[in-house]
Amino acid sequence: MMGVPTPSPPLPHLLSLGRIALSDSEKAEALADNLETQFQPVTDPSVSAVTEVVEVALRSYEEVQEATRGLMVSKAPGPNGIPNRALKHLPQRAVSVLVRIFNAILLTNHFPTVWKHAQVISILKPGKDPALPSYYRPISLLDTIGKLFGKILLSRILHEVSERGLMQDEQFGFRHRHSTSLQVTRPVERITRNFGEKWLTVAVFLDVAKTFDTVWIDGLLYKLTLLNLPSYIVHTLSSYLRGRAFEASFQTATSSRRGMWAGVADRGVISPVILVCMSRHGRHSQADAARQLPGVIPKRPSMVVE
């Protein structure tokens, strides 16, 4: 059975922008209003955007087959209604069609707009006031084929990150053969050793609010360019991240479609990896990006597999 998130129980009302939302449709719009305020860039709008030119990268169908094997059948489908279970059982002929679609995306560096639409289901956080939209945890349901392409793109990013040593040795999350449970043993070992030597152990834990929802996309792409990633990856990511939209659902109602002008799309696929790379190499302003990144990124040889 598909693991579809359980809708929130009926609520008396929601408070949003000085208004009281009573009906399901009003509550859906109130939840969408709250999310829309998060997906805004915190930058200087006077700085012009970066113009990008892209190049080609093609792959064979074995990579798509490998990506489908890793899909979780318990995940709920997105707006297209195609479950992961169906993708895992596609015949080779259908997989070949997906290969041609994915190759076209990499050839043109254009991620289809229809795959950029998210259906957002909001779940009330435990112990929070149900009348405030900001206390609801948004769960975005994206089209499964678009997420499958994200896994294809992620494999290329991880290859480049590994080859260039762009992740610190202490980074265990989102890495192959680096379980976060292994990372937990490091402070345990340190605390145990310090305890035996009668030393105190101090730990600092940092929780950054709205990390994924407020990412400055132009700055992210600029930083990936400074890391000297192949330009086809940067430009494909540019199309993948930009122009996204969402609709918030509440009970039987759905809000109007809203734009996402900041933030990264898929928290469980590409986003954590590129954010780790971005955060490791310092901070840069939007003015730095517009001044240092040329209008055309020089082309470099890309991986081509027939």
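The values are calculated or read from the model by the stated rules, or taken from the named source; none is laboratory data. Remember, predicted model here, so these are calculated numbers, not experimental data. Positions of Cβ are generated from backbone atoms using ideal geometry, with glycine treated the same way; all protein chains shown enter the neighbour counts. Each accessible area value is taken on the protein alone, full model and side chains, heavy atoms only, with ligands, DNA and RNA left out. Shrake-Rupley method; radii C 1.70, N 1.55, O 1.52, S 1.80 Å.
Pull up segment 69-106, narrow it to residues that are in a helix (DSSP H, G or I) and polar (S, T, N, Q), then point me to the one that is nearest to residue 234 (Cα to Cα).
Residues of segment 69-106 that are in a helix (DSSP H, G or I), as a first pass: 69, 84-88, 92-106.
Within this subset, residues satisfying the condition of being polar (S, T, N, Q) are 84, 92, 96, 103.
Numbers: 84: 27, 92: 30, 96: 25, 103: 16 Å.
Once the filter is applied, the top-ranked residue is 103.
What number of residues within segment 187-210 are farther than 29 Å from residue 151 by Cβ, surrounded by 11 or more Cβ atoms within 10 Å (Cβ to Cβ) and touching a residue at least 12 places away in the same chain (Cβ under 8 Å)?
Summing the residues that are farther than 29 Å from residue 151 by Cβ, surrounded by 11 or more Cβ atoms within 10 Å (Cβ to Cβ) and touching a residue at least 12 places away in the same chain (Cβ under 8 Å) in segment 187-210 gives 2.
Does any residue of segment 175-184 turn out to be open to solvent by less than 90 Å² (accessible area, probe 1.4 Å), closer than 15 Å to residue 279 by Cα, of a type in the set (A, V, I, L, M) and modelled with pLDDT of 80 or more?
Looking for residues that are open to solvent by less than 90 Å² (accessible area, probe 1.4 Å), closer than 15 Å to residue 279 by Cα, of a type in the set (A, V, I, L, M) and modelled with pLDDT of 80 or more, one finds none in segment 175-184, hence no.
Can you find even one residue in segment 153-160 that is open to solvent by less than 30 Å² (accessible area, probe 1.4 Å), in a helix (DSSP H, G or I), of a type in the set (D, E, K, R) and touching a Leu at 6+ places or on another chain (Cβ under 7 Å)?
Yes - at least one qualifying residue is present in segment 153-160.
Could you say whether any residue in segment 107-114 is under 12 Å from residue 144 (Cα atoms), assigned to a helix (DSSP H, G or I) and either out of contact with any strand residue (DSSP E or B) (no Cβ under 8 Å at 6 or more places or on another chain) or open to solvent by 20 Å² or more (accessible area, probe 1.4 Å) (or both)? I'd like the intermediate steps shown before the answer.
If we filter segment 107-114 for residues that are under 12 Å from residue 144 (Cα atoms), which is where we start, we get 114.
Applying the additional criterion that residues be assigned to a helix (DSSP H, G or I) yields 114.
Now drop any that are not either out of contact with any strand residue (DSSP E or B) (no Cβ under 8 Å at 6 or more places or on another chain) or open to solvent by 20 Å² or more (accessible area, probe 1.4 Å) (or both), which leaves 114.
So far as segment 107-114 goes, yes, one or more of its residues are under 12 Å from residue 144 (Cα atoms), assigned to a helix (DSSP H, G or I) and either out of contact with any strand residue (DSSP E or B) (no Cβ under 8 Å at 6 or more places or on another chain) or open to solvent by 20 Å² or more (accessible area, probe 1.4 Å) (or both).
Could you tell me whether any residue of segment 74-90 is modelled with pLDDT under 70, under 18 Å from residue 259 (Cα atoms) and either out of contact with any Phe, Trp or Tyr (no Cβ under 9 Å at 6 or more places or on another chain) or small (Gly, Ala, Ser) (or both)? Can you show your working first?
First, the residues of segment 74-90 that are modelled with pLDDT under 70: none.
Scanning segment 74-90, I find no residue that is modelled with pLDDT under 70, under 18 Å from residue 259 (Cα atoms) and either out of contact with any Phe, Trp or Tyr (no Cβ under 9 Å at 6 or more places or on another chain) or small (Gly, Ala, Ser) (or both), so the answer is no.
Could you list, ordered by first residue, the pairs with Cβ atoms under 6 Å in which the first is in segment 93-105 and closer than 10 Å to residue 149 by Cα and the second is part of a helix (DSSP H, G or I) and not β-branched (Val, Ile, Thr), at least 6 apart or interchain?
99/61; 102/149
Which of (1) open to solvent by 30 Å² or more (accessible area, probe 1.4 Å); (2) closer than 18 Å to residue 264 by Cα; (3) in contact (Cβ under 8 Å) with a residue 24 or more places away in the chain is the odd one out, the single condition residue 118 does not satisfy?
All conditions pass for residue 118, except number (1).
In this structure, does residue 39 turn out to be surrounded by 14 or more Cβ atoms within 10 Å (Cβ to Cβ) and either at pLDDT below 75 or touching a Cys at 6+ places or on another chain (Cβ under 6 Å) (or both)? Steps first, please.
Numbers: surrounded by 14 or more Cβ atoms within 10 Å (Cβ to Cβ): yes; either at pLDDT below 75 or touching a Cys at 6+ places or on another chain (Cβ under 6 Å) (or both): yes.
Yes: the conditions hold for residue 39.
Of the residues 61, 135, only one is out of contact with any Ser or Thr (no Cβ under 6 Å at 6 or more places or on another chain), of a type in the set (Phe, Trp, Tyr) and open to solvent by 60 Å² or more (accessible area, probe 1.4 Å); which? Explain how you work it out, then say what you get.
Working: 61 fails: out of contact with any Ser or Thr (no Cβ under 6 Å at 6 or more places or on another chain).
Exactly one of 61, 135 is out of contact with any Ser or Thr (no Cβ under 6 Å at 6 or more places or on another chain), of a type in the set (Phe, Trp, Tyr) and open to solvent by 60 Å² or more (accessible area, probe 1.4 Å), namely 135.
Considering only segment 211-226, state which residues are of a type outside the set (S, T, N, Q), open to solvent by 20 Å² or more (accessible area, probe 1.4 Å) and not in a helix (DSSP H, G or I). Reasoning before the result, please.
So the first thing to find is which residues in segment 211-226 are of a type outside the set (S, T, N, Q), and the list is 212-213, 215-224, 226.
Of the ones still in play, those that are also open to solvent by 20 Å² or more (accessible area, probe 1.4 Å) are 212, 216, 218, 226.
Scanning segment 211-226 gives 212, 216.
Condition (residue is open to solvent by 30 Å² or more (accessible area, probe 1.4 Å) and either in a loop (DSSP other than H, G, I, E, B) or over 29 Å from residue 100 (Cβ atoms) (or both)) applied to segment 138-150: is it met by at least one residue?
Taking segment 138-150 as the starting set, the residues that turn out to be open to solvent by 30 Å² or more (accessible area, probe 1.4 Å) are 138-140, 147.
Then keep just the ones that are either in a loop (DSSP other than H, G, I, E, B) or over 29 Å from residue 100 (Cβ atoms) (or both); that gives 138-139.
Yes - at least one qualifying residue is present in segment 138-150.
Could you please find all residues in segment 235-248 being crowded, with 21+ Cβ neighbours inside 10 Å and not in a helix (DSSP H, G or I)?
Within segment 235-248, 244, 246, 248 qualify.
Only one of (1) closer than 28 Å to residue 259 by Cβ; (2) touching a helix residue (DSSP H, G or I) at 6+ places or on another chain (Cβ under 8 Å); (3) not acidic (Asp, Glu) is not met by residue 172, so which one is it?
(1)
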